[in-house]
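The values are calculated or read from the model by the stated rules, or taken from the named source; none is laboratory data. Predicted model only: the values in this text are computed from it and were never measured. So basically every Cβ, Gly included, is an ideal-geometry build from the backbone, and we count neighbours across all protein chains shown. Areas reflect the complete protein model, heavy atoms only, side chains present, ligands, DNA and RNA absent. Shrake-Rupley method; radii C 1.70, N 1.55, O 1.52, S 1.80 Å.
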Amino acid sequence: MPLRQSAGNSHPPFSRRAGVDQPMRRMNPVSARLMLFVSMAVLAVQPATAQSILRDSETEKLFNDMSRPLIEAAQLDPKNVKIVMVNDPEINAFVAGGQIVYIHSGLITSADNANQVQGVIAHELGHVVGGHVIRFGEGAKQATGISIISLVLGGLAMAAGAGEAAMGAMALGQQVAMGSFLAFTRAQETSADLAGVSYLSKAGISGQGSIQFFKKLQNQEYRLAVYATDSYNRTHPLSSERVATLTDLYKKDPAWNRPTDPALEARFQRVRAKLIGFISDKEAVLRTYPPSDQSVPAHYARAYAYHRMGDRDAALREADALLATAPNDPFYLELKGQILLESGKPMEALEPLRMAVRKAPDQPMIQAMLGHALLATEKNENLPEAERVLRASIGRDNEQPFAWYQLGVIYDRKGDLPRASLATAERYSLEGQPKLALANAERALKGIPQGTPDFLRAQDIAMVSRTEVEKDRKGRGRREQ
């Protein structure tokens, strides 16, 4: 499916920040700093899946292909590692536990080439292999231990009547604790940098992109007036320090002057352009890709920009220009089908979408869009095909809330209310709404025969959702106290 937003499966770490800030107003400055430090540590190790994730068939296929040699170099299984794009304009990437690398959309739009993104992925894989998210608690535990000791010593000094000495001991303790914590995170970053060097080398991929990307960050530091001569007060080493260290290492590698595969680079420029067309305003898109630019990336970007602005005819002209260069490209066909479908022409969308599925039968999101179009025709004769392609789509990728929604509509129209409830429970579970997922799963259990795969799946959703609902209830109770 062309670029779409979907809700993440868990809450972002910032969702609890209001609850942390409120009690700090009643604390003395030293205690407030301690609470802030502890809160930062806790928030940093919580799951960081963003609420808004961008999914796209072509983009995910590119991520898989450009990261596979790096994942194998890191001795991980490519089937278990995911590269996920987060809708965020910042130039950033991170891991949050497990084997998922999250890349901000701002990083993709700011990157000049595929090699720069590969350098970032290699670095993040260093965090995955190093277990840095899991080990994050070690640094936080050590630092908070120092803080607590300083508070105890300060309390003893206060009891002895030495108030100023007590405050000094507490303040010094907080400074030492924060320095310990920052040193720990800098060590992790340096470790990930060196691991990234190793993975790029083993994969035979140049480190030039990695250096280019760090220089981008260095320029950003200058713009933000980060003029520190050392990285003592930072979670990451300064980019200038990293560039100096890594350049020497990369230049010694045989792959330093090895160019990126031209086909991979062309695919990256396509994906980057369609992302810019999807997230940027029309004027910005046309400045970057003016109508005089007749390249494939330019047509891609303008097609999305025009479609988002509701100019169907202009969007279709750009899609047809792409198809003129490659009539059987499944992603160009998918784009044309999406424009027609989302502008109220589902019958006309069927032909390009059916062809796209035939050309790329392994792309579940394209199948899901075809199922959507078939359902949108509101013709009963299209329901069997819609059910078939949606079930095939979910069979390959069951983390598609909208596909589950469409399947639920089909079951409802067929009168199969228990399975409509199960599909709805799947949808709400993926969208992070456990209360609604639980209600629908319990409804499904009342009508689906016991012991069947669907019954067992409904049981699983009900059990997990019930746990989440209870956890939320207890969390609200603690906050209200």
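Structure data summary
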read-out: The range 322-357, residues that are among the small types (Gly, Ala, Ser), under 25 Å from ASP293 (Cα atoms) and surrounded by fewer than 22 Cβ atoms within 10 Å (Cβ to Cβ); value: ALA324, ALA326
read-out: Filter result (without any contact (Cβ under 8 Å) to a residue 40 or more places away in the chain, farther than 17 Å from ILE276 by Cβ and either open to solvent by 30 Å² or more (accessible area, probe 1.4 Å) or of a type in the set (Lys, Arg) (or both)) within the range 85-99; value: ASN92, GLY98, GLN99
read-out: Residue match in the range 399-406 (condition: farther than 25 Å from ALA356 by Cβ and open to solvent by 40 Å² or more (accessible area, probe 1.4 Å)); value: no
read-out: Helices (runs of 4 or more DSSP H) contained entirely in the range 380-444, each with at least 1 residues that are in contact with an Asp or Glu (Cβ under 6 Å, 6 or more places away or on another chain) and not polar (S, T, N, Q); value: 401-414, 417-430
read-out: Residue check, ALA376 among the aliphatic types (A, V, I, L, M) and closer than 19 Å to GLU342 by Cβ; value: yes
read-out: Qualifying residue in the range 257-278 (condition: open to solvent by 30 Å² or more (accessible area, probe 1.4 Å), under 26 Å from ASP56 (Cβ atoms), in contact with a Leu (Cβ under 9 Å, 6 or more places away or on another chain) and not hydrophobic (A, V, I, L, M, F, W, C)); value: yes
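Residues checked against (1) assigned to a helix (DSSP H, G or I); (2) closer than 19 Å to VAL117 by Cα; (3) of a type in the set (Phe, Trp, Tyr); (4) touching a His at 6+ places or on another chain (Cβ under 8 Å):
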position: PRO259; (1), (2), (3), (4): no, yes, no, no
position: SER292; (1), (2), (3), (4): no, no, no, no
position: TYR306; (1), (2), (3), (4): yes, no, yes, no
position: GLY310; (1), (2), (3), (4): no, no, no, no
